[in-house]
Structures are given as structure tokens and as C-alpha cells.
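Sharing a structure below in C-alpha cells format, with a few things to ask.
FYI, it's all coordinate maths here, none of it is from the lab. Not measured: the values here are computed from a predicted model. Every residue, glycine as well, gets a Cβ built from its backbone with ideal geometry; the counts of neighbours run over all protein chains shown.
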Amino acid sequence: MEITALPAFSDNYIWALRHRDSPSDCVAIVDPGEAAPVLDYLQRTGSRLCAILITHRHADHIGGVSELLRHAEVPVYGPAAEQDKITMLTHALREGDSVSIPELGVEFSVLDVGGHTLGHIAYLGDIDGQPALFCGDTLFAGGCGRLFEGTPQQMFNSLGKLAILPADTRVYCAHEYTQSNLKFALAVEPGNAALQARVQAVARLRAEQQPTVPSLLGAELATNPFLRWHSPEVIAAARKFSGNATLQDPVGVFAAIREWKNVF
Ligand code: ZN
Ligand code: FE
């Protein structure tokens, strides 16, 4: 499978999945906030759209769907809980549902990862023998989505579901926020050697205008402060920011770090 990041707007990625040698020339698209980058890609690769997957209702993830449907009538998968806001959905999904794209030989299971929006879902599949997670604005490389609608507890539960996936899971998030996320991460956990190394690696990639995603879940567990509520340095940072010197519970630590990021 070839999985391509199609840049959109200033920092979004639309993910395009296709088999390089598939006779079906089928492409599945995740979170098309804009149609133009997708139409360009289809033309460039001589392929055709066969499915659209949506993680949540925000315009930068669904804005291109209507125009794409004018070019090809394909199934549109997305969160049942946001069906009223995503009127072009043909398949409303809940946790435990699966999405099969036979032309690509891939099947995704659906995870409820509410928090950024209440109904946010993620798609988890096995691609070429390695787990692949399309998680929209929930888990970012080095960070996590803002809590626009959900509570810290809800986002914590959602991230907790992702944190127990295999360490070699590829994490396909929807934005290129890595460098600024890691700048914050370093303020939270300056003594984390894996984080320091990642900052350097990401700086090199960005200097060459390369995407920093997908990342590996193992790297997120080692460096992403929003998955490191157990780290003494993260707990100390959460205590300092919140002014609560006895803060210890993981949800409270997560909530304090998230609040700090909002004003960082
Ligand atoms: Zn969003
Ligand atoms: Fe977004």
C-alpha cells in the first residue's frame, strides 16, 4: 500500500491510500478538508476515488467532501455521533464497527476517541503487516488535539485507548504540528533524552520541508507529554503549572498539561 500525505490549507494532511499495482486503481481518502489536492492526486496517479473516511466534523476535515462526491459517488464513512453535522455521510460508525474497503484489501476497526469533538472516531487497520491508525485531531505527533467539546477525562480515556496499541503502530494524524508540539514537550520534560533526539530529527525533516508524520506509537509513548502522565518530570510540570503541589492522578496531570499547552 502507498499512503500519501496530501498537504491542504496551511498545515493539514489529507491521507490517500492506494495500491501501487492494483488493477482497480482505487483510492481511499481520509479527512478531505479540500477537494483540489485530492483531485490533483487522482489525476496525477491515474486512479479513482472509491471511499471517503471522516474522523470528525470540523470543516478542515470535511470541507472537500461535497465536491468530491460530484466527481464520484462513493461511500462516506464517519462518526454516527456527528451525523447531523456531516450530512453527506452514507455509513454512520460507532466504536466496534468495521469498515471494509475490498478494492484495497483493507479493513479498519472504529475506535471512539471523543474529546477534541464529542463524536471523534479513529480508524485502526493492518496495512502491509503493520498496524495503522488514522486518528484525525486526537493524537498528534508530539501532542494532542484541543478539547473543543470534551472533558479532560474523555480525552484521557481516548488517548488511553491509543496508548495500548502496539508500539509499531503507525500514527497518521491530520496536521503538521510536530515542531511546535515538541517545543512545548521540551518545556514540560526537558530531561527526556528521547525527546531531545526527536526534536533534532524533526528539525532536520522540516528544514527539508518533509512531513514528520506518520510517527510510530512507540515514539509518542517515549516523547509525547500527553501520553506521559506517569513521568515524574511531567507530573512535576503539571504541579507547577496548576499550583497544586499534590497533584498526582493521571487525569488531573493530563488536564493541567493540556491547559498549559493552551496558553503556551
Ligand atoms: Zn479538528
Ligand atoms: Fe483539524
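With under 15 Å from the mean Cα position of the chain (by Cα) and within 15 Å of SER109 (Cα to Cα) as the only criterion, which of LEU159, LEU147, LEU165 stands out? I'd like the intermediate steps shown before the answer.
Values: LEU159 fails: within 15 Å of SER109 (Cα to Cα); LEU147 fails: within 15 Å of SER109 (Cα to Cα).
Only one candidate qualifies: LEU165.
Can you name every residue in region 120-137 that is farther than 14 Å from ALA16 by Cα, in contact with a helix residue (DSSP H, G or I) (Cβ under 8 Å, 6 or more places away or on another chain) and small (Gly, Ala, Ser)?
ALA122
Oh, and also: How many of the residues making up region 30-56 are within 15 Å of ligand 2 (Cβ to nearest atom) and of a type in the set (A, V, I, L, M)?
Summing the residues that are within 15 Å of ligand 2 (Cβ to nearest atom) and of a type in the set (A, V, I, L, M) in region 30-56 gives 3.
Quick one: is VAL30 within 15 Å of ligand 1 (Cβ to nearest atom), within 16 Å of ALA174 (Cα to Cα) and touching a residue at least 40 places away in the same chain (Cβ under 8 Å)? Steps first, answer last, please.
On the way: within 15 Å of ligand 1 (Cβ to nearest atom): yes; within 16 Å of ALA174 (Cα to Cα): yes; touching a residue at least 40 places away in the same chain (Cβ under 8 Å): yes.
The answer is yes for VAL30.
Conditions tested, residue by residue: (1) among the aliphatic types (A, V, I, L, M); (2) touching a residue at least 24 places away in the same chain (Cβ under 8 Å); (3) on the phi > 0 side of the Ramachandran plot.
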position	(1), (2), (3)
LEU216	yes, yes, no
SER231	no, yes, no
ARG239	no, no, no
ALA245	yes, no, no
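Here's something else I'd like to know. Considering only residues that are under 22 Å from GLU82 (Cβ atoms) and in a loop (DSSP other than H, G, I, E, B), look in region 136-149 and name the one that is nearest to ligand 1 (Cβ to nearest atom).
To start, the set of residues in region 136-149 that are under 22 Å from GLU82 (Cβ atoms) comprises 136-140, 144-149.
Next, only the ones that are in a loop (DSSP other than H, G, I, E, B) stay: 137-138, 145-149.
Numbers: ASP137: 4, THR138: 9, GLY145: 6, ARG146: 8, LEU147: 11, PHE148: 7, GLU149: 10 Å.
Among them, the one singled out is ASP137.
I'd like to know if region 104-123 contains one or more residues that are closer than 20 Å to LEU221 by Cα, within 17 Å of the chain's Cα centre (by Cα) and among the hydroxyl-bearing types (Ser, Thr, Tyr).
yes
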